[in-house]
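Everything below concerns the one structure shown next.
Values quoted throughout were computed directly from the atomic coordinates according to the rules given, and no laboratory measurement underlies them. All values reported here derive from a predicted model rather than from experimental measurement. Here Cβ is always computed from backbone atoms with ideal geometry, including for glycine, and neighbour counts include all displayed protein chains.
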Number of protein chains: 2
Amino acid sequence: MVNPIEALNKIFDSRIRLGVMSILIVNDSVSFNELKQMLELTDGNLASHLNTLEQADYLKVQKAFIGKKTNTTYFITDLGRQAFKAHLDALEKMIKGV
Amino acid sequence: MVNPIEALNKIFDSRIRLGVMSILIVNDSVSFNELKQMLELTDGNLASHLNTLEQADYLKVQKAFIGKKTNTTYFITDLGRQAFKAHLDALEKMIKGV
DNA sequence: AAAAGTGCTTTGTTTTTCAAAGTTAAATAA
DNA sequence: TTATTTAACTTTGAAAAACAAAGCACTTTT
């Protein structure tokens, strides 16, 4: 038998990063503040998890002004979408005992 | 919107513990050594993760002799099955954006 | 001018993860 | 009978990760 956990992505061990990806995969663009409110996190904690996902090229950032307010918006990348799906597939296979 | 990650079980953040549960949910009884081989872990690492799951009453242990050899076998508990399913449900809901 | 909001970074503590080595007890080989 | 091996841990310690809280730069609102 092949080790069932080796196909799981370590980056997605984190509940918070899973949450971010889940939000971004259906919403296609979400601001820092929206994420913060949805996930109920402190700024620093969110920023560091976003940074981990960014380092992995799973999401990209766009800084802009909306009206006069600064706004940081996050998008999932193709690689991120791919990695997330692969992780979910691996999870499903593992659970189903394939 | 309700925080999508709060229904996730922290115990299942760990890939290894997820793996153990996935194995036990379909196999109903697996020995320490089988788990060790399937998941490719060191003794200590496996023991500590099993301990975490035991503390949570997600699995129970049975020590016995099989022939003349000592054997430690792990079983999932009802609570464990329940918690695991609840976690998977929460994951699914989160991913589907419900 | 003061207060508040955005989006971080920094700092430092706590928690978690893990490998490696040590341990106990039984089994088997020499 | 002594030595080795196997099973299943426990202990130790190091490294990594998670997190809250505070600080900061900048802007906007009051």
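Ranked by the mean number of other Cβ atoms within 10 Å of their residues, highest first, the peptides A:72-82, A:42-52 come out as A:72-82, A:42-52.
Compared with the dominant principal axis of the Cα atoms in chain A, helix A:43-55 is inclined by about 60°.
For chain A, the longest principal axis of the C-alpha atoms and the axis of helix A:15-27 are separated by about 70°.
Just add up the charged neighbours of residue A:13: K/R +1, D/E -1, any other residue whose Cβ is under 14 Å from the Cβ of residue A:13. Intermediate results must be reported in sequence, preceding the final value.
Values: positive: A:10, A:15, A:17, B:10, B:15, B:17; negative: A:6, B:13.
The answer is +4.
Sorted shortest first, the separations between the residue B:36 label point and its copies elsewhere in the assembly read 4.9 nm; each point sits 7 Å from Cα along the Cα-to-Cβ line. Among the residues of B:42-54, the average count of other protein chain beta-carbon atoms within 10 Å of the residue beta-carbon is 0. Peptide A:5-12 has a mean shielding of 3, counted as Cβ atoms of other protein chains within 10 Å of each residue's Cβ.
Give the peptides A:12-18, B:2-8 in descending order of average Cβ contacts within 10 Å, highest first.
Working: A:12-18: 19.7, B:2-8: 16.3.
Averaged packing, sorted descending, gives the order A:12-18, B:2-8.
Kirkwood hydrodynamic radius, computed over distinct alpha-carbon pairs, for the range A:10-91: how many Å, to one decimal? The Cα-based Kirkwood calculation yields 12.8 Å.
Measuring between their Cα centroids, the range A:1-63 and the range B:7-81 lie 29 Å from each other.
Please give me the summed charge of the neighbours of residue B:89: other residues whose Cβ is under 13 Å from its Cβ, Lys and Arg +1, Asp and Glu -1. Show your work: numbers first, answer last.
Details: positive: B:81, B:85, B:93, B:96; negative: B:92.
Net local charge, residue B:89 excluded: +3.
A 32 angstrom limit on the alpha carbon distance is what I want to check against. Which of B:60/B:93; A:60/B:96; A:60/B:36; A:10/B:85; A:63/B:85; A:10/B:93 exceed it?
Details: B:60/B:93 29 Å; A:60/B:96 22 Å; A:60/B:36 39 Å; A:10/B:85 21 Å; A:63/B:85 40 Å; A:10/B:93 21 Å.
Flagged as over cut-off: A:60/B:36; A:63/B:85.
Closest approach to the axis carrying A onto B, counted by Cβ on chain A and given in whole Å with its residue, is A:13, 3.
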